[in-house]
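Note sheet for the following structure.
The values are calculated or read from the model by the stated rules, or taken from the named source; none is laboratory data. Just so you know, these numbers come straight off a predicted model, no measurement behind them. Note: ideal-geometry Cβ built from the backbone for every residue, glycine included; neighbour counts use all protein chains shown.
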């Protein structure tokens, strides 16, 4: 008791890895005199900041296609992040967030490895303009009632199947003029798929009578010739 102490030396004012001594909060009692009461000298340290790898928030549809520009957040190793807020959980025109597939890592801690958080959206159906499938001859005349295909914008259609590439009696589809848009995607503009048919040639069977007519012979009986001769002698 009464002896002095000095806790300001390197023996007590330690260098701690990952931390920096806060020089603005050095203890006033790091030097003093021992007494009957216990004394505490407190050194305060601040954690050193190490830039962490970025966290990327991406927005995709059910097929994994990007539907909105991704966002990136940065921080220091050990810092926490939260991208479950409206700032990152976006409302995207034409799409609805799939609540059944929310990312499990929307809240976490920055680290040395890059992280990706993915929000998945389903496309809102938008009725598209119809696709009309028509059937014409080589002069453009309709030879069969047209068909109509309906769907939503962005959906694909296929009018190359037998359901639409019809077999029409008396006609043959012109394979050299098949429509290039038989397969495509529904849009806001109407589309027409045209199948061109050529008229089928009907073979006419000509039946010829190859049998020649037999000549008709006139038969005169001997009796008749005799009577004619007597009459002449008279």
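I'd like to check something: does the stretch 13-22 contain any residue that is surrounded by fewer than 10 Cβ atoms within 10 Å (Cβ to Cβ) and not assigned by the TED database to the domain that holds residue 108? Yes, the stretch 13-22 contains at least one residue that is surrounded by fewer than 10 Cβ atoms within 10 Å (Cβ to Cβ) and not assigned by the TED database to the domain that holds residue 108. The residues of the stretch 91-112 that are outside any loop (DSSP other than H, G, I, E, B) and touching a residue at least 40 places away in the same chain (Cβ under 8 Å) amount to a single one, 108.
Looking at (1) at positive phi; (2) assigned by the TED database to the domain that holds residue 62, find the lone condition where residue 118 falls short. Result: residue 118 fails condition (1) only. Scanning the stretch 55-65 for residues that are in contact (Cβ under 8 Å) with a residue 12 or more places away in the chain and exposed (fewer than 14 other Cβ atoms within 10 Å of the Cβ) gives a single hit, 62.
For the stretch 113-167, a residue qualifies if it is part of a strand (DSSP E or B) and touching a helix residue (DSSP H, G or I) at 6+ places or on another chain (Cβ under 9 Å), and the qualifying residues are 118, 119, 120. When restricted to residues that are surrounded by 10 or more Cβ atoms within 10 Å (Cβ to Cβ) and either on the phi > 0 side of the Ramachandran plot or part of a loop (DSSP other than H, G, I, E, B) (or both), the stretch 66-90 contains 11. Taking the criterion of being surrounded by 12 or more Cβ atoms within 10 Å (Cβ to Cβ) and part of a strand (DSSP E or B), the only residue of the stretch 1-12 that qualifies is 5. Among the residues of the stretch 39-61, is there at least one that is closer than 25 Å to residue 123 by Cβ and not in a strand (DSSP E or B)? For the stretch 39-61, residues closer than 25 Å to residue 123 by Cβ and not in a strand (DSSP E or B): present.
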